[in-house]
Amino acid sequence: MNDETALKTSVCILGSGPAGIVLGNILLQNGIDCIVIDRYNREEIYARGRAGAIESTTIALLKKHGLADTILLKGYPHDRCEFRYPDDSFVLEYGKLSDGDVHYFYPQSDLNEDLIQKYLDTGGQILFHHQGIQLTQSDDGIIVECENKNTDTTLKIQADFVAGCDGYHGLARQSVPAEAAKIYTKEYGYRWLAILADAPPASSHTLYGVHPEGFAAYMRRNSHISRYYLQISAHDQLTDWSDERVWRSLHQRLAKPLTQGKIMQKQIMVLRNYVIEPLRYQRLLLAGDAAHIITPMGGKGLNLAVQDAGVLAETLIGYYLENHDLSYLDRYSEIRLPYIWQAQEFSYSLLNMVHLPEGSNPEDVDFLHKLSASKLAQLRTSTTFAKNFARNYVGIV
């Protein structure tokens, strides 16, 4: 493997997902040079997109930096969700409860592609198909060594800082020594079966199925693609879930007639929570999935990543414009971690509210089930509880 000529920049951003590409756009707008590297090519990045429930606070951040035009033009505003039982249902109009704030549903893959194009149109540099290999820190900078997977050569990038936006399995998180951080984690005893179907919308709003056989959910993607989820055993395999069984379970748990279509994708999702503290190790700063993992319940992952990028960008801009020392960068962790934990708590609470409880002790399971039922009942009977839920659901402020 041969070496390429070294590059220099102020900020090297690992990963061009939502956190990385929002950060890159904001830095460029403020005259701070940066280079983004990503292990995947552009087509692979687009194909990895997930569902996109975009919160009001995320929309406000993107609008502030001129990055929300396409979402507002093409996204679907959502202001309600429905909880369905075998013999009952109720609609929570969270938009009214949160003073008019709504979600916009816009595929994450499309949002990411929009922002990559805007970054490139502004003169930003992205090195696709470059795999990070090693980070080396010194008193006055940090070097990123990466492999160009197209040419089998290595490239060194000299930077003031590295923004680790390359996910849970990326180089950035692995480059933080164990003694330099505290890690908090939880894994659940059940899984989700995620289904993408070529089928018309089951509803104009999100559906949560609360059923003795397990949780189910429907989330709209667009006019002909639908996203569904099913709670399954941790021991289940994809081969256990034929298309026929999937549709039968969805009909049953959502207690609603569904128009079936071709199932395009089935994937088993491990549910876990993860937070690393602090979010900075010397000149390396973590954002998005490199810093925290959250269950998909409540749609917080994409939003946390974008909001991380907004605060990290402001911190780096302040550092450069006001000539601070490195300790100034600690404000990034100080600002973001309370919001990250608030999102973790909300997602965990909602998850337990609608899923079959974990555990093998029948008495414990019965007790947890009654607690969940009480919380669901409060959504219908307590305006104070419902308003607090709505505010956290549509965007933590």
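Bear in mind that the values in this text are calculations on the coordinates, not laboratory data. These numbers come from a predicted model, not from an experiment. Quick reminder, even Gly has a Cβ in these numbers, built from the backbone with ideal geometry, and neighbours come from all protein chains shown.
Take the Cα of SER382, step 7 Å toward its Cβ, do the same at ASP33, and the gap between the two points is 5.6 nm. Bridges between two residues of the chain, per DSSP, are antiparallel at a rate of about 70%. For segment 263-324, the Cβ-based charge dipole about the Cα centre amounts to some 300 debye (Lys, Arg positive; Asp, Glu negative; other atoms uncharged). The calculated FRET efficiency for the pair HIS65 and GLU363, based on their C-beta separation and a Förster distance of 41 Å, comes to about 0.20. Annotation: amide H of LEU271 within the under-5 Å range of TYR188, TRP192, sequence separation 5 or more or interchain, hydrogens built in the peptide plane.
Each label was represented as a point 7 Å from its Cα along the Cα-to-Cβ direction; for ILE335 and LYS149 these points are 3.3 nm apart. Under the convention that each Lys and Arg Cβ holds +1 and each Asp and Glu Cβ holds -1, the size of the dipole of segment 38-135 around its Cα centre is about 320 debye.
The slack between ILE133 and GLN117, meaning 0.36 nm per residue of separation minus the straight C-alpha distance, is 3.1 nm. Can you list residues whose amide H is under 5 Å from ILE13's amide H, if they're 5+ apart or on another chain and H is modeled 1.01 Å from N? Hits under the 5 Å cutoff: ILE35, VAL36, ILE37, ALA163. The alpha carbon gyration tensor of segment 22-84 gives principal lengths a ≥ b ≥ c with a/c of 1.5 or higher and a/b no greater than b/c, which makes the shape oblate. Please give the net charge around LEU62, taking every other residue with its beta carbon less than 15 angstrom from that of LEU62, where Lys and Arg add +1 and Asp and Glu add -1. Charge balance near LEU62 sits at -4. Of all lysines in the structure, those lying under 30 Å Cα to Cα from LYS74, and not within fewer than 8 positions of it along the same chain, are LYS63, LYS64, LYS96, LYS118, LYS256, LYS262, LYS266, LYS300, LYS387. Toward the positive end of the charge dipole of the chain, with +1 on the Cβ of Lys and Arg and -1 on the Cβ of Asp and Glu, the farthest Cα among SER203, TYR218, MET297 is that of SER203.
Rounded to the nearest 10 degrees, the inclination of helix 383-394 to the longest alpha-carbon principal axis of the chain is 40 degrees. Projecting the Cα positions of LEU28, HIS324, VAL306 onto the charge dipole of the chain (unit charges on Cβ atoms of Lys, Arg, Asp and Glu, taken about the Cα centre) puts VAL306 furthest along the positive direction. Think of segment 69-138 as having a plus end and a minus end, set by charges on the Cβ of Lys, Arg, Asp and Glu; of LEU135, PRO86, GLY123, LEU135 sits farthest toward the positive end of this dipole. Karplus-derived 3J(HN,Hα) values for segment 203-216, using 6.51 cos²θ - 1.76 cosθ + 1.60 with θ = phi - 60°, are 6, 7, 9, 5, 10, 10, x, 10, 9, x, 8, x, 6, 9 Hz; glycine and proline are entered as x. Coupling constants for segment 149-159 follow from the phi torsions by the Karplus curve (6.51 cos²θ - 1.76 cosθ + 1.60, θ = phi - 60°), and in residue order they are 6, 7, 10, 6, 10, 9, 10, 10, 10, 8, 9 Hz; glycine and proline get x. With the cut-off at under 19 Å, measuring from each backbone N in segment 325-357 to a point 7 Å along the Cα-to-Cβ line of ALA234 picks out 348-349, 351-357. Each of ILE183 and LEU326 was given a label point 7 Å from its Cα along the Cα-to-Cβ line. The distance between the two points is 2.3 nm.
Helical runs assigned H by DSSP (4 residues or longer) give the chain a calculated mean residue ellipticity at 222 nm of -11500 deg cm²/dmol, each run adding -39500 (n - 2.57) before division by the residue total. Close amide H pairs (under 5 Å, H built 1.01 Å from N) link ASP236 with no residue at least 5 positions away or on another chain. Coupling constants for segment 266-280 follow from the phi torsions by the Karplus curve (6.51 cos²θ - 1.76 cosθ + 1.60, θ = phi - 60°), and in residue order they are 10, 8, 8, 10, 7, 9, 7, 10, 7, 9, 10, 10, x, 8, 10 Hz; glycine and proline get x.
The length gained on full extension between VAL91 and ASP140, counted as 0.36 nm times the residue separation minus their Cα-Cα distance, comes to 12.0 nm. Straight-distance candidates among the aspartates and glutamates for linking to LYS149, with alpha-carbon spacing under 20 Å and chain neighbours fewer than 8 residues away dropped: ASP3, GLU4, ASP38, GLU43, GLU44, ASP166. The distance linking segment 120-185 with segment 310-383 is 27 Å (Cα centroid to Cα centroid, whole angstrom). Taken about its Cα centre, segment 267-394 carries a charge dipole of roughly 420 debye when the Cβ of each Lys and Arg holds +1 and the Cβ of each Asp and Glu holds -1. The shape of segment 242-394 comes out prolate: with a ≥ b ≥ c from the C-alpha gyration tensor, a/c is at least 1.5 and a/b beats b/c.
Under the definition of Cα pairs under 8 Å and six or more residues apart, what whole-number percent is the relative contact order of segment 283-397? That works out to 23 percent.
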